[in-house]
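These notes concern the structure reproduced below.
We did not get these values from a lab; they are worked out from the coordinates using the rules stated. This one's a predicted model, so the numbers in the text were calculated from it and none came from an experiment. Don't worry about glycine lacking a Cβ; one is built from the backbone with ideal geometry, like all the others, and counts go over all protein chains shown.
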Amino acid sequence: NANGADRSQNDIHAICYRNHQAERTMPPPTDGLNAIQISGWKESPLSGAERDELKKWISHISSGAAPACSLAPSHRLKVYLQASSLPQQSSQTNGSTKPSALTWEMVALPVLNYCLAKAARDFGTACRFIISETGDHIVPYVTTHPMPSAILRLYFAALEIILHHEAAKRKTDANPSMVLNVRVHSSLFALCRFCLHKARHLSTGHQHDILLSTENQSLLIEDIGTCPIVYYKLIDSFSKALSPGNEYAASFYQRMALPSRIIQSLRRLQEMLLGLMWMNSCVKMTGDVDSTFIGMIHKLKQNPTTWKEVCPTGTEKEADSTASNDKERIFVRYVLRNLVKVSRRRTLALCVHLSVPETSAVASKAMMVFVNMLYHRVDMFIDRHPDQLMLCSLYLACSKMKLAPTVGFQKIKDAYMEMNERFYDTSTLNSIFYEVKLSELPSSNAKRGNLVSFYNEVFTPNVRPFWKSFVKGAPRNRVNG
């Protein structure tokens with residue numbers, strides 16, 4: 001406080017690491033993380049064993065992170081971090097040659113400083129963080145709560161295990177695409193923060209500003225960036241790294257293995273993000289449209305050969321046979337294949353719940369429609385929840401196999417609601433059926449209606465050109481609300 005004012009009026013939330021060399025390669029994050037907001041999350045009651053497991057997990061992580069303590073990357077982690085730093089190279093600046101380098105400290109430490117300060121605010125505590133210029137140690141001073149330090153401890157462990165497994169696959173310790181990626185660090189920290197908040201909330205029943213209530217939770221995931229695609233993909237690596245059966249984790253971080261209830265929460269979160277990434281709201285939050293999932297879709301779709309490689313059009317084995325080192329292709333292929341996998345599981349579960357004859361055949365037909373819509377009419381998925389396309393595909397398959405009207409939209413809706421009522425609140429589930437975009441206008445001006453109207457006015461006409469056998473005599477398949 002340069003002006004000598006009362007320090008109690010100006011809490012210091014962070015002292016950000018800065019590179020004091022002549023050339024700054026990586027600026028610190030600005031004070032405005034974008035937030036992924038997910039509402040309508042419900043939790044089923046915990047068993048006594050689940051609650052004990054969560055309490056022991058939190059206790060162990062917190063025990064190694066006292067309110068004021070020194071935390072540092074392990075020697076093993078620093079080997080991976082240093083191997084991934086880019087060496088000095090000659091660069092031309094205003095006609096003169098200056099050495100430049102990009103190290104993990106330049107990328108990760110500003111992010112950690114900022115994210116730690118944000119995490120501390122969750123508990124209403126002022127804090128400051130001293131990060132050494134070399135990144136050898138990080139000393140968070142939190143006078144009232146150990147949780148921010150515990151998040152940092154979990155982050156270090158997860159990062160080490162993930163880099164270890166990547167090194168084994170890549171046959172090298174160097175992994176600059178991860179270590180020197182700001183989004184990786186912010187997303188991984190946000191993921192650790194989510195898990196510890198979730199565990200604390202579930203084990204104590206405590207209500208706070210991150211997780212509101214057991215019946216209708218609003219999840220706020222703060223991350224640097226806009227589209228949650230990096231966060232989404234990282235969930236798999238994080239879950240595998242800290243799974244109870246991971247040998248490396250068992251050797252060095254045995255008691256940090258994720259509790260079963262947290263693993264379930266991560267799977268649910270990942271499935272919810274599958275719907276979020278298709279929304280134009282992710283695009284509007286940034287000027288860099290190409291970095292969003294929708295932007296990547298539009299770019300890859302322009303090249304038919306590339307799109308055929310990326311979009312799942314055949315069996316899962318055939319779809320995964322094409323290898324690529326292009327980041328956009330890897331991300332989009334990963335998301336689309338997960339979408340098909342999740343939709344296939346949900347479709348089969350719906351068929352079983354509906355007790356339809358020839359369950360496997362009906363589910364297979366419905367997924368044939370869904371996958372072809374994804375390949376030929378991917379724009380239809382934008383600003384719509386994928387389940388809306390899945391439900392229409394299921395109805396069309398039932399109709400073609402002459403199960404309608406016995407298995408009509410109302411029965412499909414009832415089955416969907418019954419299967420999901422334990423996990424999401426009623427208003428969230430109703431939005432799937434009654435808040436469907438009908439027109440191709442921008443989201444804010446788009447006409448909206450119910451799923452039956454969408455099926456009649458949008459879905460069926462778009463299926464007809466490439467799936468004539470399914471809509472032969474389409475007028476007979478028109479659904480009445």
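How large is ³J(HN,Hα) for each residue in segment 353-367, as worked out from phi by the Karplus curve 6.51 cos²θ - 1.76 cosθ + 1.60 (θ = phi - 60°), to whole Hz, x for Gly and Pro?
5, 7, 6, 6, x, 6, 3, 5, 5, 5, 4, 5, 4, 4, 6
Lys447 versus Gln410, label points 7 Å from Cα toward the beta carbon: distance in nm?
2.6 nm
Around Leu102, which amide H atoms from residues at least 5 apart in sequence, or from another chain, sit under 5 Å from its own amide H, with H modelled in the peptide plane?
Leu86
With 30 Å as the limit, write out which pairs from Lys56/Lys327; Lys327/Lys365; Lys301/Lys437 have Cα-Cα distances beyond it, or answer none.
Violating the 30 Å limit, Cα to Cα: Lys56/Lys327; Lys327/Lys365.
Order the peptides 347-355, 185-193 from the highest to the lowest mean number of other Cβ atoms within 10 Å of their residues.
Ranking the peptides 347-355, 185-193 by packing returns 185-193, 347-355.
Please compute the length gained on full extension between Asp326 and Met368, using 0.36 nm multiplied by the number of residues separating them and subtracting their Cα-Cα distance.
Details: separation 42, 0.36 × 42 = 15.12 nm, distance 2.77 nm.
Stretched fully, the Asp326-Met368 segment lengthens by 12.4 nm.
Taking θ as phi - 60°, what are the ³J(HN,Hα) couplings along segment 41-46 by the Karplus curve (6.51, -1.76, 1.60), each to the nearest whole Hz, with x for Gly and Pro?
Running phi through 6.51 cos²θ - 1.76 cosθ + 1.60 with θ = phi - 60° gives 6, 10, 10, 7, x, 7 Hz.
Of the peptides 356-362, 78-84, how do they stack up when ordered by the mean number of other Cβ atoms within 10 Å, highest first? It would help to have the intermediate numbers written out before the result.
Details: 356-362: 15.1, 78-84: 19.0.
Going from most to least packed, we get 78-84, 356-362.
Collect residues whose amide H, placed 1.01 Å from N in the peptide plane, falls under 5 Å from the amide H of Leu438; neighbours closer than 5 in sequence don't count.
Under 5 Å from the amide H of Leu438: Lys447, Arg448, Gly449.
At a Förster radius of 30 Å, what calculated FRET efficiency corresponds to the Cβ-Cβ distance of Thr204 and Arg422, to the nearest 0.05?
Efficiency, rounded to the nearest 0.05: 0.90.
Can you tell me the order of 449-455, 47-53 when each peptide is scored by its average per-residue count of other Cβ atoms within 10 angstrom, highest first?
Numbers: 449-455: 20.0, 47-53: 13.4.
Order by mean packing, descending: 449-455, 47-53.
Pulled fully out, how much extra length does the chain show between Gln264 and Glu358, if you take 0.36 nm times their separation in residues and subtract their Cα-Cα distance? Mind showing how you got there, number by number?
On the way: separation 94, 0.36 × 94 = 33.84 nm, distance 3.04 nm.
Contour length minus Cα-Cα distance gives 30.8 nm.
Please work out the FRET efficiency for the pair Met401 and Ala101, using the Cβ-Cβ distance as r and a Förster radius of 45 Å; give the result to the nearest 0.05. Before the final figure, lay out the partial values.
On the way: r = 63 Å, r/R0 = 1.40.
Working from the Cβ atoms, E equals 0.10.
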